Amino acid sequence: MTTLLVKEKDIVVPGQQLATGLDYVPGMGTYREGEYIFAARVGFLQIEGRMLKLIPLAGRYLPKRNDLIIARVIDVSMSYWRLDINSAYSAMLNIKDATSDYVPKGADLTQMLTFGEYIVTKIINVTPQFLIDLTMKDPGLRKLPEGRMLSVSSVKVPRIIGKKGSMVSMIKNATNCQIVVGQNGWIWLYGNDPVKELIACKAIAKIDAEAHTSGLTERIKTFLEKETGAPVEIPREIESMEYEG
Amino acid sequence: MRNHILSILDKGMRLDGRKKDEYRDVIKVEYGVAGLAEGSAKVTMGKTEVVAGVKMEVMEPFSDTPNEGVIMVGEELLPLSNPEFEAGPPSVEAIELSRVVDRGIRESHALDLKQMCITPGEKVWGVSIDICPINDAGNLFDASALAAVAALKNTVFPSYDGKKVDYKKMTTKKLPLKELPISVTVCKIGKHFIVDPLSEEQKVADARLTVASTEKGMLCALQKGGIEPVTLEDIKCMVDIGLEKAKSLRKLLGGTK
């Protein structure tokens, strides 16, 4: 006997029973225990055919393959760097994934990247035990220069990027800032003008605070116009996927 | 990060848009936040929040000051306030913080310790001030010192019959406060002096000087921290800023009564 115990788009909490019976399959953010499927995170329930999925509303970043993230170097070893990726797990960047140049044996890796430096990087693999491998070899992946680091909840990153990067491009255009948004919730920001840089920070904080509400793009547009005193255009959805979004 | 902060400072601004000698907007002092303490206060400075509580007990005085009360200050850096803090025995930072707060109160003679003597050489009142940061977004020094003094101002004696202290029955007698010492921490980054640093600014600061002063503008304690040295001119400049900014913080507390 299969029953769905909650409705689609319900907000569920960890440990809540979602369904009984074997007809439904647990998807992202849910798990099966015997007859039942339980929620593992706080989120909206989504049903796709027989699959029960959760769109998380809160929680720490969970690394996924092909995610573009910002990482901080926490350890340098003989052949790899260990990086903090704002998750429960740390990631590894091997020499062979960091550069195509020849690196002699026993070279001092701190010359390339050293403690506390930030990089834009891509996850190439995540094992079930959460061993995470990173790469620097794709275009746009690089060491980040001096700038400001912001931290937001990783579940709100999609709102900051917007549809096909529209939100982040709007902020970039309005404030003349360089912005890189990592899927892990870390954001790098640099502007020549500190006043405009601050406006960009405030805009991002506003999105972070109001991520769950609708009509956000309009409100951010009004906010940017008020703060910068210049008209702001909502960019058309950009077809080419840039690394920032 | 450091160069970025410096380049913004060169343009006369801070990370959050403040001027160099400006405190964060929301400085708030709330009294009596902990019901079971004899006195308590909560200080909010921007996103930094600190709670201080005062407990009173009857104890034996130290043998070198048989007719004076005792002050003890303890600060615990709770892991909930900052992911960099760890549980366990107090860290170097926690010990420094509590000692700086302690010194401000002790050396300004904020409390008339002689009035806190019950029987010379045998029984005196001991005041222990416990400080807990609820959220650390920078400048725990000034927030802790302000919270401690505010908590002292809020404190009343519990009733005491000569044998036992009854914490359930409070008197209306306040602590013999003579002074309200105010601490202002001035950070040096490059050639810039700033007050009320954010966590990010605190991390890249070369040096800091905590300046505690009394209402008349008398210095009562100084504490230098950070890895870089400071020159005599630097110290003069930092003390001047410290004395000046103390005035606005003092307004939040009002008088000693």
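Bear in mind that the values in this text are calculations on the coordinates, not laboratory data. Model, not experiment: these values are computed from the prediction. As a convention, Cβ positions derive from the backbone with ideal geometry for all residues, glycine included, and neighbour counts pool all protein chains shown.
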In square nanometres, what is the average projected area of the Cα convex hull of the range A:7-56?
2.7
Looking at chain B from every direction and averaging, what is the projected area of its Cα convex hull in nm²?
14.2
Arrange the peptides B:165-174, B:141-150 so that the one whose residues have, on average, the most other Cβ atoms within 10 Å appears first.
B:141-150, B:165-174
Where does chain A land at 222 nm, in deg cm²/dmol rounded to the nearest 500, when only DSSP H runs of n ≥ 4 count, each adding -39500 (n - 2.57), divided by all residues?
-5500 deg cm²/dmol
Based on Cβ point charges of +1 for Lys and Arg and -1 for Asp and Glu, what charge dipole magnitude is obtained for the range B:132-230 about its Cα centre, in debye rounded to the nearest 20?
620
Could you estimate the translational diffusion coefficient of the range B:170-213 from the Stokes-Einstein equation, with Rh from the Kirkwood formula over C-alpha pairs, at 10 °C and 1.306 mPa s, in whole µm²/s?
125
Cross-link partners of B:Lys174 among lysines (Cα-Cα below 21 Å; sequence separation of 8 or more within a chain):
B:Lys42, B:Lys55, B:Lys114, B:Lys123, B:Lys153, B:Lys163, B:Lys164, B:Lys251, B:Lys257
In square nanometres and to one decimal, what's the mean projected area of the convex hull around the Cα atoms of chain A?
15.4
Calculated from DSSP helices alone, with each H run of at least 4 adding -39500 (n - 2.57) and the total divided by the residues of chain B, [θ]222 nm to the nearest 500 comes to -8500 deg cm²/dmol
Can you bin every Cα-Cα distance in the range A:104-245 into 5 Å intervals starting at zero and give me the percent of pairs per bin, rounded to whole numbers?
2, 9, 17, 20, 20, 13, 9, 5, 3, 1, 1, 0
Using only the Cα atoms, work out Rg/Rh for the protein assembly as shown, with Rh taken as the Kirkwood radius, to two decimals.
1.05
Net charge around B:Lys245, counting only other residues with Cβ within less than 10 Å of its Cβ (Lys, Arg = +1; Asp, Glu = -1)?
-4
Partner aspartates and glutamates for A:Lys64 [C-alpha distance under 12 Å; skip if fewer than 8 residues away on the same chain]:
A:Asp133
Among A:Tyr61, B:Tyr31, B:Tyr160, rank each residue by its count of other Cβ atoms within 10 Å, from fewest to most, as a rough exposure measure.
B:Tyr31, B:Tyr160, A:Tyr61
Across bins of 5 angstrom width beginning at 0, how are the C-alpha pair distances of the range A:190-232 distributed, in whole percent?
5, 24, 29, 25, 13, 4, 1
List the longest stretch of chain A that has no exposed loop site; here a site is one of the trypsin sites (Lys or Arg not before Pro) assigned by DSSP to anything other than H, G, I, E or B, with at most 15 other Cβ within 10 Å.
A:138-235
Note: B:3-12 gets an average of partner chain Cβ contacts (10 Å, Cβ to Cβ) equal to 3
